[in-house]
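The values are calculated or read from the model by the stated rules, or taken from the named source; none is laboratory data. What you are looking at is a predicted structure, and each value in this text was computed from that prediction instead of being measured. As a convention, Cβ positions derive from the backbone with ideal geometry for all residues, glycine included, and neighbour counts pool all protein chains shown. With ligands, DNA and RNA removed, areas are computed over all heavy atoms of the protein, side chains included. Shrake-Rupley method; radii C 1.70, N 1.55, O 1.52, S 1.80 Å.
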Amino acid sequence: MNRHNNRSVNRSFKKSVNYHADHDAASSSESCASSGGGEINSTVLPRRTVFGERFAKLEEGEKVRNIMESKFVRWLESHELEHEVVVVHRNVCSNVMLQAKVHCFHIFMRAVAKLREGDPNVKYAWYGASSKGEIDDIVEHGFGGKNLNNGLRLSPEDSPLESVKRSVADKHGLRHMLLCRVILGRTELVQSGSDQWRPSSEEFDSGVVESVSAPKEYVVWCSKINTHVLPEFVLSFNLPSSSSAGRVKIEQPLRPTSPWMPFPALIALLSRTLPSPDITMINKYHKDYAEKKISRQELIQKVRVIAGDTLLASIIRTFRARKIPASCLKLIRSKNGNRPGSNGVE
């Protein structure tokens with residue numbers, strides 16, 4: 001590319017990211033976004049927060065909090081949903097490796113800009129988390145440990161319905177939404193429920209569900225998840241456990257927990273769907289639990305991160321409906337030697 005074309009791409013690139021100007025202008029030097037793509041800063045010190053050192057709490061009145069909170073609250077109110085935004089945190093990229101991920105994101109953003117006539121099509125999008133622990137895992141290790149065969153589904157910033165539905169309330173009724181910056185590039189229409197797992201051609205970078213102009217969800221393909229998605233903020237909020245007063249009903253997702261079925265049975269069924277490395281990790285965590293190296297809750301959370309709640313809930317429903325094939329149960333018994341008490345985590 002010659003010098004003239006480079007200048008043209010740079011001008012288009014700057015124009016394309018104006019969407020984020022309010023967010024970025026309001027961000028302080030603690031923000032991931034402040035890393036820009038320049039040198040990595042290893043001296044960032046976050047304020048004390050319940051999320052640990054990876055996050056800094058944004059106080060009420062801070063401009064960046066007001067911007068993202070007002071958009072989210074407007075959507076809730078437009079659907080007549082009762083709500084309370086409790087706290088907002090920023091990912092401060094508290095170590096060199098996390099800051100390197102930011103640097104990598106900006107490199108890919110510029111690469112997509114060059115590939116797509118100066119427009120990387122960068123958006124903010126929501127991810128509904130199953131727990132605070134899942135957010136910690138995503139920020140530290142990325143989305144790679146989840147069962148994302150058909151890509152990562154994210155909700156547009158101004159239409160978070162699907163991610164709100166996927167979020168899981170903790171014992172205090174608190175839900176967590178991860179706001180990510182996403183490089184979409186050139187998008188293609190993906191049908192809802194489609195098994196598509198990659199772009200249909202090299203002309204496209206990501207997918208949109210239902211509509212190109214007003215998508216229900218963005219789809220980031222597996223090969224791009226950890227380079228094209230940058231978690232930046234966490235918004236924690238309360239909703240009624242089953243909010244049906246408004247125009248949208250938000251059901252509490254089924255939370256898979258090990259007492260619903262024997263853990264070896266769960267592993268045996270997961271092995272039919274998940275790749276061998278994932279099953280190896282689940283077996284390791286199960287062994288760690290048996291040796292009292294991790295708590296039962298930690299075991300369950302780690303399995304949820306690897307397998308995903310959708311798959312786990314489906315397996316648990318099948319088990320509870322007594323649809324487990326006899327051959328599978330025979331395999332479970334043979335693996336455990338019919339030992340008393342060996343068929344569960346308790």
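Please determine, by comparing only the residues of the range 227-272 that are among the hydroxyl-bearing types (Ser, Thr, Tyr) and either modelled with pLDDT of 80 or more or in a loop (DSSP other than H, G, I, E, B) (or both), which one is farthest from VAL87 (Cα to Cα).
Taking the candidates together, the pick is SER271.
Residue-wise test of (1) among the polar types (S, T, N, Q); (2) in contact with a strand residue (DSSP E or B) (Cβ under 6 Å, 6 or more places away or on another chain).
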{"position": "ARG74", "(1), (2)": "no, no"}
{"position": "LEU81", "(1), (2)": "no, yes"}
{"position": "ASN91", "(1), (2)": "yes, yes"}
{"position": "SER94", "(1), (2)": "yes, no"}
{"position": "LEU98", "(1), (2)": "no, no"}
{"position": "VAL102", "(1), (2)": "no, no"}
{"position": "ARG110", "(1), (2)": "no, no"}
{"position": "LYS114", "(1), (2)": "no, no"}
- Task: Among residues belonging to the range 63-86 that are outside any helix (DSSP H, G or I) and either open to solvent by less than 20 Å² (accessible area, probe 1.4 Å) or in contact with a Phe, Trp or Tyr (Cβ under 7 Å, 6 or more places away or on another chain) (or both), point out the one that is farthest from ARG175 (Cα to Cα).
- Result: LEU81
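Got a number for residues in the range 87-101 being basic (Lys, Arg) and either modelled with pLDDT under 85 or part of a helix (DSSP H, G or I) (or both)?
Final tally of qualifying residues: 1.
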- Item | Residue ranges of strands (runs of 3 or more DSSP E) in the range 112-225 with at least 3 members over 18 Å from the mean Cα position of the chain (by Cα) and either over 29 Å from ASN95 (Cβ atoms) or β-branched (Val, Ile, Thr) (or both) | 187-190
- Item | the range 201-224 - residue that is surrounded by fewer than 18 Cβ atoms within 10 Å (Cβ to Cβ) and aliphatic (A, V, I, L, M) and, of those, modelled with the highest pLDDT | ALA214
- Message: Please count how many residues of the range 87-128 are of a type in the set (A, V, I, L, M, F, W, C) and open to solvent by 50 Å² or more (accessible area, probe 1.4 Å).
- Response: 6
- Note on the structure: Being modelled with pLDDT under 90 and in contact with a helix residue (DSSP H, G or I) (Cβ under 7 Å, 6 or more places away or on another chain) narrows LEU58, LEU45 down to just LEU58
